[in-house]
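Worksheet: the structure to be examined is printed underneath.
The values are calculated or read from the model by the stated rules, or taken from the named source; none is laboratory data. As the structure is a computational prediction, the values presented were derived from the model and not from experiment. A quick note on method: Cβ atoms are made from the backbone with ideal geometry, for glycine too, and the neighbour counts reach across all protein chains shown.
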């Protein structure tokens, strides 16, 4: 059974700088959302590690935005926001990940009066 919420386009923006060891998990978690109308925008802020190779390995499953010069976290957010097309935008740090129902849960609580939603976070480290 489809809901009208299924039609709402959502953008997940992942800013990255030298987090190649975490980036794949963040991207995978965005691509594995149970909400199907999701675009994943990954912004690399001129990383010096192998982050760009990780990004390129996803091909057309994601929208890459490769910055030539490091501008910091805010610049990466702005680059991703400018490239996004979703009605709802979610920012996900490259060293974090989403549970598969995250977008559906946000949409389930969304209405015209909502301007921002936040999630409870679970602390993880590079071994989890």
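When 82, 105, 32 are checked against the criterion of being more than 12 Å from the chain's Cα centre (by Cα) and closer than 25 Å to residue 122 by Cβ, 105 stands alone in meeting it. Given the condition at pLDDT 95 or above, within 17 Å of residue 18 (Cβ to Cβ), touching a strand residue (DSSP E or B) at 6+ places or on another chain (Cβ under 7 Å) and outside any loop (DSSP other than H, G, I, E, B), answer yes or no: does some residue in region 29-43 qualify? Yes.
Can you pull out the residues in region 1-22 that are outside any strand (DSSP E or B), under 13 Å from residue 39 (Cα atoms) and in contact with a strand residue (DSSP E or B) (Cβ under 8 Å, 6 or more places away or on another chain)? Selection gives 8, 9.
Restricting to region 26-45, name every residue that is surrounded by 16 or more Cβ atoms within 10 Å (Cβ to Cβ) and farther than 23 Å from residue 4 by Cβ. Within region 26-45, 26, 27, 29, 41, 42, 43, 44, 45 meet the criteria.
Name the single residue that is nearest to the chain's Cα centre (by Cα) among those in region 47-62 being in a loop (DSSP other than H, G, I, E, B) and surrounded by fewer than 17 Cβ atoms within 10 Å (Cβ to Cβ). Steps first, answer last, please.
Filtering region 47-62 for residues in a loop (DSSP other than H, G, I, E, B) gives 47-50, 57-58, 62.
Next, only the ones that are surrounded by fewer than 17 Cβ atoms within 10 Å (Cβ to Cβ) stay: 48-50, 57.
Values: 48: 21, 49: 20, 50: 19, 57: 16 Å.
Only one residue tops the list, namely 57.
Among the residues of region 89-119, those that are assigned to a loop (DSSP other than H, G, I, E, B) and farther than 22 Å from residue 73 by Cβ comprise 99, 100, 101, 110, 111, 112, 113, 114. Under the condition of being more than 13 Å from the chain's Cα centre (by Cα) and either within 19 Å of residue 109 (Cβ to Cβ) or surrounded by 16 or more Cβ atoms within 10 Å (Cβ to Cβ) (or both), the residues counted in region 10-21 number 4. Residues that are in a loop (DSSP other than H, G, I, E, B), touching a residue at least 24 places away in the same chain (Cβ under 8 Å), in contact with a helix residue (DSSP H, G or I) (Cβ under 7 Å, 6 or more places away or on another chain) and surrounded by 15 or more Cβ atoms within 10 Å (Cβ to Cβ) do not occur anywhere in region 63-72. In the set (1) part of a loop (DSSP other than H, G, I, E, B); (2) in contact with a helix residue (DSSP H, G or I) (Cβ under 7 Å, 6 or more places away or on another chain), residue 86 fails one condition alone, (2).
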